[in-house]
Amino acid sequence: MSRVYPFDEAATARAVLDDDGTLVEWNEGARRLLGHPADAVVGRPAARLLAGPAPRLPAGARRWHGTLGLRHRDGRSLEVWLLAQRLPGPDGAGDRWVLVTPLTGTEPPAEDDPLGEAGLVQSPCALAVYDEDLRLRRMNDAMAALCGLPGDGRTRGLHFTEVVGEPQGEELARGIHEVLESGRPRDVQTFMRVGGAQRPQAWLVRMTPVKDRAGRVRGVCLAVHDVSENHRARQRLQLVNEASVRIGTTLDVTRTAQELADMCVPALADFVTVDLLDPEEYGGEPPARVTTPVTLRRAAHLSVLDGVPEAVLEPGQNERYPAGSPQADALTAGRTITASMAAGDINPWLNWNSARARRVRSFGIHSTMAVPVRARGLTLGVAVFTRHRRPEGFAPDDRLLAEEITNRAAVCIDNARRYSRERETALALQRSLLPRTLPRTAALEASSRYLPAARAGVGGDWFDVIPLSGLRVAMVVGDVVGHGIQASATMGRLRTAVRTLADIDLAPDELLTHLDDLVVRLAEEAGDGSTGEVGATCLYAVYDPVSRCCTLARAGHPPPVLLPPGGRPHQLEVPAGPPLGLGGLPFESTEVELAEGTVLALYTDGLVKCRARDADAGRGLLCQALEAYAGSLDACCDRILRALLPSGNVSDDAALLLARTQGLPASQVATWDIPADPALVAPIRKQVVEQLDAWGLSEAAFTTELVVSELVTNAIRYGAHPIRLRLIHDAATLICEVSDNNPTAPHLRRAKTFDEGGRGLLLVAQLTQRWGSRHGSNGKTIWAELPLYEEEQ
């Protein structure tokens with residue numbers, strides 16, 4: 001079945017061949033061209049009509065054109081140009097070749113043929129032809145209208161720059177000269193204000209050389225196309241792409257909101273504000289639906305004018321927006337609200353807020369657009385876009401662009417909000433597990449700093465100052481591997497363990513051994529038994545103000561830095577020891593005598609080690625900052641942080657503990673060697689009372705005498721020689737210590753009615769503020785503390 005074509009079949013010679021070259025169609029035009037009727041050729045091989053060789057087609061070719069020699073019915077040969085196309089056959093029955101050639105319309109147009117001029121004069125594309133001197137030879141009506149000139153020939157002979165009349169004319173003239181010299185076409189994109197337009201438009205100028213029959217360039221043909229819409233579309237796409245890169249560079253809500261404003265000024269608006277819902281109004285979480293009036297907090301704003309004079313609020317300030325305001329309407333409707341001042345869309349809002357009305361009139365604000373900031377089904381706030389310098393209002397494309405950028409920013413703001421909330425929770429946990437204040441002791445003065453990691457979040461760094469018996473004090477700094485809530489929780493468990501172990505007066509190396517066992521058990525509980533899942537480092541030191549001796553041990557932790565009075569800071573050599581969690585490896589302790597006023601700096605790796613430097617360089621900076629110590633530990637802490645972490649933006653959390661040692665004068669310590677005779681306890685009590693009188697503590701003599709009597713009697717009866725009694729007088733405490741060489745410690749028990757003994761320690765516990773025992777290298781020490789302020793009242 002032949003196809004139906006809506007044109008004169010006889011005006012085109014057409015033939016159809018199947019795959020084996022058999023003619024299946026032959027129209028009237030083909031008969032007129034070669035003289036063969038259809039019934040004489042249809043069903044026969046097409047090769048019989050060839051007067052020469054058949055063309056060679058590339059494999060898989062679907063289209064071909066060229067000149068073939070064909071045989072006319074009268075026997076003569078014709079050179080015919082043919083266009084051949086491979087098309088699907090009817091009903092999907094294989095492909096066929098369709099051959100066509102025109103029979104009419106091939107003659108050159110007459111001079112008065114209107115179609116001969118239609119291509120130039122009546123073309124909707126703006127066209128102009130210039131000669132070699134850039135003089136106008138001809139332009140069509142579209143070009144004349146574009147240039148604002150008459151198109152009746154009176155402009156012929158004008159120079160190109162005179163026709164264009166724009167600063168861009170010189171640039172285009174240089175492009176035309178290049179086309180004249182090279183003979184190659186060139187495209188130039190420019191921006192020009194034409195036809196009385198208020199703003200420049202984007203134009204694509206296509207310059208093509210005009211050549212004579214000898215191939216010489218005789219002029220240039222210009223075709224001008226308005227590509228403003230394409231240009232604006234590319235700008236919008238580029239702005240959206242830039243927004244995905246420039247918005248959300250940090251996990252800070254305020255900074256992300258400011259990046260949204262920075263992105264849109266001046267590319268989209270002259271003044272942009274970003275107001276976010278105050279979480280406190282909604283229990284800490286943004287609502288899914290908003291009702292008026294709505295309270296918003298200014299998060300960010302930006303203007304094309306310096307100082308943002310259009311703003312009524314400053315960042316951080318709150319305002320309640322009633323119904324009728326663009327902000328409230330956009331939030332309650334859940335969609336973008338566009339308003340025009342000329343149409344009076346927000347007159348009720350301006351009448352309600354006189355300050356804004358004055359700003360609108362003062363700066364000539366004429367258009368505004370409020371876009372809700374929504375992400376994951378939650379309403380976070382609203383972004384308001386305002387124009388006063390641009391004369392045109394917001395178009396639908398501007399609305400789509402503002403919504404696209406705002407939606408991308410909303411996700412980043414929500415991410416930052418969630419991160420901030422989780423970070424604040426983790427920080428609250430971390431700070432609740434760290435000491436809020438350091439205790440004041442007679443042994444030392446201390447100051448500390450903790451700085452959480454900027455991106456990784458809180459970690460497991462901790463520090464502590466723990467008062468011990470005998471006015472001694474323990475200092476500890478540790479670092480748990482990893483970051484986050486889990487690291488903070490592990491840190492809290494280790495800090496509690498250290499305090500518990502310190503309370504039983506373990507030596508530093510013994511304490512770290514017990515702490516190592518705990519970390520091993522925590523690792524086994526955390527995973528599959530691998531000790532690598534939980535790990536930590538720790539430095540533990542005990543300072544005695546009476547002997548001025550400091551005992552230190554560390555488990556894979558950086559050694560402390562020591563600043564002696566009048567000396568220079570230096571690193572204190574302490575046996576390294578393995579990190580906590582390896583299990584089974586020993587720890588060693590070292591003793592060092594510290595002069596009164598010595599400053600010790602205990603810290604974690606995060607303070608001295610960072611991407612820009614190694615730990616040794618960091619310790620060098622720490623020593624330099626510590627050398628400037630001028631009597632204030634707090635000021636010294638701040639100086640160290642500024643020197644080592646100037647930006648505060650650290651990749652790992654950091655802890656710093658500074659301690660200045662103090663000594664106890666010998667006049668505040670009294671010591672007696674106790675003979676092994678219970679009958680001599682009374683003289684010892686008398687000497688104690690005399691010493692208390694010398695210290696001005698006569699009111700505490702009775703209680704002290706009872707405590708000394710019980711402790712000395714127990715030591716004589718159950719202890720081993722030598723036995724020593726020591727009294728230590730602090731401003732608010734009187735400490736009584738009895739030492740002997742028997743390592744067995746006494747236990748508090750409740751004596752029965754008819755028991756002759758067993759009431760001594762119970763009596764000591766009731767008379768003193770606290771009591772306990774500690775073991776040393778030789779034997780033990782039983783101690784008791786009496787609060788002097790209670791006795792003096």
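The values are calculated or read from the model by the stated rules, or taken from the named source; none is laboratory data. Every value quoted in this text rests on a predicted model; they were computed, and no experiment measured them. Quick reminder, even Gly has a Cβ in these numbers, built from the backbone with ideal geometry, and neighbours come from all protein chains shown.
What to note about this one:
- Consider segment 289-304 and keep the residues that are surrounded by fewer than 20 Cβ atoms within 10 Å (Cβ to Cβ) and part of a loop (DSSP other than H, G, I, E, B). The one that is modelled with the highest pLDDT is 304.
- Test: residue in segment 95-114 that is outside any strand (DSSP E or B), within 30 Å of residue 180 (Cβ to Cβ), in contact with a helix residue (DSSP H, G or I) (Cβ under 7 Å, 6 or more places away or on another chain) and modelled with pLDDT of 60 or more: no
- The lone exception for residue 682 - which of (1) without any contact (Cβ under 8 Å) to a residue 24 or more places away in the chain; (2) within 30 Å of residue 446 (Cα to Cα) it fails: (2)
- Residues located in segment 31-65, provided they are closer than 17 Å to residue 87 by Cβ and buried (at least 19 other Cβ atoms within 10 Å of the Cβ): 46
- The number of residues in segment 377-408 that are of a type outside the set (Gly, Ala, Ser), surrounded by 15 or more Cβ atoms within 10 Å (Cβ to Cβ) and assigned to a helix (DSSP H, G or I) comes to 9.
- Being under 60 Å from the mean Cα position of the chain (by Cα) and touching a residue at least 12 places away in the same chain (Cβ under 8 Å) holds for only one residue in 691, 662, and it is 662.
- Meets criteria (under 18 Å from residue 656 (Cα atoms), over 28 Å from the mean Cα position of the chain (by Cα) and in a strand (DSSP E or B)) for residue 477: yes
- Residue in segment 604-615 that is more than 18 Å from residue 513 (Cα to Cα) and touching a His at 6+ places or on another chain (Cβ under 9 Å) present: yes
- Cross-chain or 6+ apart pairs with Cβ under 7 Å, segment 158-179 first and among the aromatic types (Phe, Trp, Tyr), then at pLDDT below 80: 160/169
- Looking across 208, 250, one residue alone is hydroxyl-bearing (Ser, Thr, Tyr) and either part of a loop (DSSP other than H, G, I, E, B) or not assigned by TED's automatic domain parsing to the domain that holds residue 163 (or both). It is 250.
- Flag for residue 419 being in contact (Cβ under 8 Å) with a residue 24 or more places away in the chain and surrounded by fewer than 18 Cβ atoms within 10 Å (Cβ to Cβ): yes
- Residues of segment 576-601 that turn out to be more than 26 Å from residue 521 (Cβ to Cβ) and either under 42 Å from the mean Cα position of the chain (by Cα) or not assigned by TED's automatic domain parsing to the domain that holds residue 476 (or both), as a count: 3
- The residues on offer are 223, 243, and the sole one that is in contact with a Lys or Arg (Cβ under 6 Å, 6 or more places away or on another chain), of a type in the set (Gly, Ala, Ser) and not in a strand (DSSP E or B) is 243.
- Qualifying residue in segment 636-644 (condition: of a type in the set (Val, Ile, Thr), within 30 Å of residue 511 (Cα to Cα) and either outside any helix (DSSP H, G or I) or in contact with a Gly (Cβ under 9 Å, 6 or more places away or on another chain) (or both)): no
- Selection status of residue 309, touching a helix residue (DSSP H, G or I) at 6+ places or on another chain (Cβ under 8 Å), free of Cβ contacts under 8 Å to residues at least 40 places away in the same chain and more than 20 Å from residue 408 (Cβ to Cβ): no
Each row is one residue, and each column tells you yes or no for (1) over 33 Å from the mean Cα position of the chain (by Cα); (2) surrounded by fewer than 24 Cβ atoms within 10 Å (Cβ to Cβ); (3) in contact (Cβ under 8 Å) with a residue 24 or more places away in the chain.
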position: 471; (1), (2), (3): yes, yes, yes
position: 482; (1), (2), (3): no, yes, no
position: 485; (1), (2), (3): no, yes, yes
position: 496; (1), (2), (3): yes, yes, no
position: 501; (1), (2), (3): yes, yes, no
position: 504; (1), (2), (3): yes, yes, yes
position: 508; (1), (2), (3): yes, no, yes
position: 523; (1), (2), (3): no, yes, yes
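- Just so you know, in segment 305-343 the residues that are more than 18 Å from residue 366 (Cα to Cα) and among the acidic types (Asp, Glu) include one that is surrounded by the fewest Cβ atoms within 10 Å (Cβ to Cβ), and it is 306.
- Which listed residue is in contact (Cβ under 8 Å) with a residue 12 or more places away in the chain, in contact with a strand residue (DSSP E or B) (Cβ under 6 Å, 6 or more places away or on another chain) and on the phi < 0 side of the Ramachandran plot, from 36, 72: 72
- Residue in segment 265-277 that is farther than 30 Å from residue 421 by Cα and surrounded by fewer than 16 Cβ atoms within 10 Å (Cβ to Cβ) present: yes
- When restricted to residues that are surrounded by 13 or more Cβ atoms within 10 Å (Cβ to Cβ) and more than 19 Å from residue 476 (Cβ to Cβ), segment 583-615 contains 7.
- Scanning segment 413-456 for residues that are within 30 Å of residue 549 (Cβ to Cβ) and assigned to a strand (DSSP E or B), we see that the one that is nearest to the chain's Cα centre (by Cα) is 450.
- Residues satisfying the stated conditions in segment 75-94, i.e. assigned to a loop (DSSP other than H, G, I, E, B) and free of Cβ contacts under 8 Å to residues at least 12 places away in the same chain: 75, 76, 93
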